[in-house]
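Visitor: Provided herewith is a single structure, encoded as structure tokens, for subsequent inquiry.
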Amino acid sequence: MNSNNLTQVDKQKNEEIHNLLKNAQHLCCDFFNDRYDYCDQEAVEELGLESELIDQLVEDYVIQVIKSTELFREYIEKLKQEQKENKTLDFTPLRELAHKNLGVARNLRIKDSEEILLKLMKQDNLEEFAHYVDILEACVIRLKPSIAYSSLKLLKIKKSL
């Protein structure tokens, strides 16, 4: 691949990341009615870790949440099908997944994700649950747009195999 093609690929990727971030910011601003920006300083001070380590943990968290939002959506589709069949709905796997992610969000002091995950743990309406999952995904996209983009691309590739 020559440098012109690489540059075009990089431009396309940057544009896709920009659009992903723009959509995420719009969704978060609509929900939170303000502009929350994560600052790792509180986590650095309270956990006694270096900023670089917190940054790596946040990257890992973004990857974890992107994978989790995929699982949330699979669970939601299963529950919607069960709802159509008039079966009793079991939200336990959804709540357990939200709880798992909530612990990490709290430890890293990621307040917007924490708020959404708390809502997910109490939600029984599938449409609202799906909306909160979208917002959760938007929150982590805002944290680390390029990491989120790569994770979403990788999930898409894995699903197509």
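Visitor: Starting from the range 62-83, take each residue that is acidic (Asp, Glu) and list its partners that are assigned to a helix (DSSP H, G or I) and surrounded by fewer than 18 Cβ atoms within 10 Å (Cβ to Cβ), counting only C-beta distances under 7 angstrom and pairs at least six apart or across chains.
Guide: Here the result reads Glu70/Leu155, each pair linking the range 62-83 to a residue that is assigned to a helix (DSSP H, G or I) and surrounded by fewer than 18 Cβ atoms within 10 Å (Cβ to Cβ).
Visitor: Something else: Please pick out the residue among Leu126, Leu136, Leu143 that is of a type in the set (A, V, I, L, M) and farther than 22 Å from Asn33 by Cβ.
Guide: Numbers: Leu136 fails: farther than 22 Å from Asn33 by Cβ; Leu143 fails: farther than 22 Å from Asn33 by Cβ.
Criteria check complete, one pass: Leu126.
Visitor: Take the conditions within 24 Å of Arg142 (Cβ to Cβ), over 14 Å from the mean Cα position of the chain (by Cα) and charged (D, E, K, R) and apply them to Arg73. Does it pass?
Guide: No.
Visitor: Still on this structure, please answer the following. For residues in the range 6-27 being more than 15 Å from Ser146 (Cβ to Cβ) and of a type in the set (A, V, I, L, M), which is surrounded by the most Cβ atoms within 10 Å (Cβ to Cβ)?
Guide: Leu27
Visitor: Could you tell me which numbered condition Ala148 fails, if it satisfies all but one of (1) modelled with pLDDT of 95 or more; (2) farther than 17 Å from Leu20 by Cα; (3) part of a helix (DSSP H, G or I); (4) of a type outside the set (Ser, Thr, Tyr)?
Guide: With respect to (1) modelled with pLDDT of 95 or more; (2) farther than 17 Å from Leu20 by Cα; (3) part of a helix (DSSP H, G or I); (4) of a type outside the set (Ser, Thr, Tyr), Ala148 is out only on (2).
Visitor: Test Ala43 against the criterion of being farther than 23 Å from Leu155 by Cα, assigned to a helix (DSSP H, G or I) and either touching a strand residue (DSSP E or B) at 6+ places or on another chain (Cβ under 9 Å) or among the hydrophobic types (A, V, I, L, M, F, W, C) (or both), and give yes or no.
Guide: Judged against the criteria, Ala43 is a match.
Visitor: For the range 28-48, name all the residues that are surrounded by 15 or more Cβ atoms within 10 Å (Cβ to Cβ) and either farther than 22 Å from Ile135 by Cα or in contact with a Pro (Cβ under 7 Å, 6 or more places away or on another chain) (or both).
Guide: Correct list: Ala43, Val44, Leu47.
Visitor: Of the conditions (1) over 13 Å from the mean Cα position of the chain (by Cα); (2) assigned to a helix (DSSP H, G or I); (3) surrounded by fewer than 17 Cβ atoms within 10 Å (Cβ to Cβ), Leu79 clears all except one; give me its number.
Guide: Only one criterion is unmet by Leu79, namely (3).
Visitor: Something else: Name the one entry in Lys122, Lys111, Lys144, Lys100 that is out of contact with any Lys or Arg (no Cβ under 8 Å at 6 or more places or on another chain), under 15 Å from Glu70 (Cα atoms) and not hydroxyl-bearing (Ser, Thr, Tyr). Outline the logic, then answer.
Guide: Working: Lys122 fails: under 15 Å from Glu70 (Cα atoms); Lys111 fails: under 15 Å from Glu70 (Cα atoms); Lys144 fails: under 15 Å from Glu70 (Cα atoms).
Just a single option satisfies the conditions, and that option is Lys100.
Visitor: What are the residues in the range 92-145 that are in a loop (DSSP other than H, G, I, E, B) and buried (at least 18 other Cβ atoms within 10 Å of the Cβ), if any? Explain how you work it out, then say what you get.
Guide: Of all residues in the range 92-145, those in a loop (DSSP other than H, G, I, E, B) come to 109-110, 123-125, 144.
Arg109, Ile110, Gln123, Lys144, listed by residue number.
Visitor: Starting from the range 39-60, keep only residues that are closer than 20 Å to Ile141 by Cα, then list their pairs with residues that are acidic (Asp, Glu) whose Cβ atoms are within a distance under 6 Å, requiring at least 6 positions of separation or different chains.
Guide: Matching pairs, first to second residue: Ser51/Asp40; Ile54/Asp40.
Visitor: Identify the residue in the range 27-38 that is assigned to a helix (DSSP H, G or I) and in contact (Cβ under 8 Å) with a residue 24 or more places away in the chain and, among all such residues, is farthest from Lys156 (Cα to Cα).
Guide: Residue satisfying both the conditions and the ranking: Phe32.
The values are calculated or read from the model by the stated rules, or taken from the named source; none is laboratory data. In this text the structure is predicted, and so the values were computed from the model without any measurement. Cβ atoms come from the backbone with ideal geometry, glycine included; neighbour counts cover every protein chain shown.
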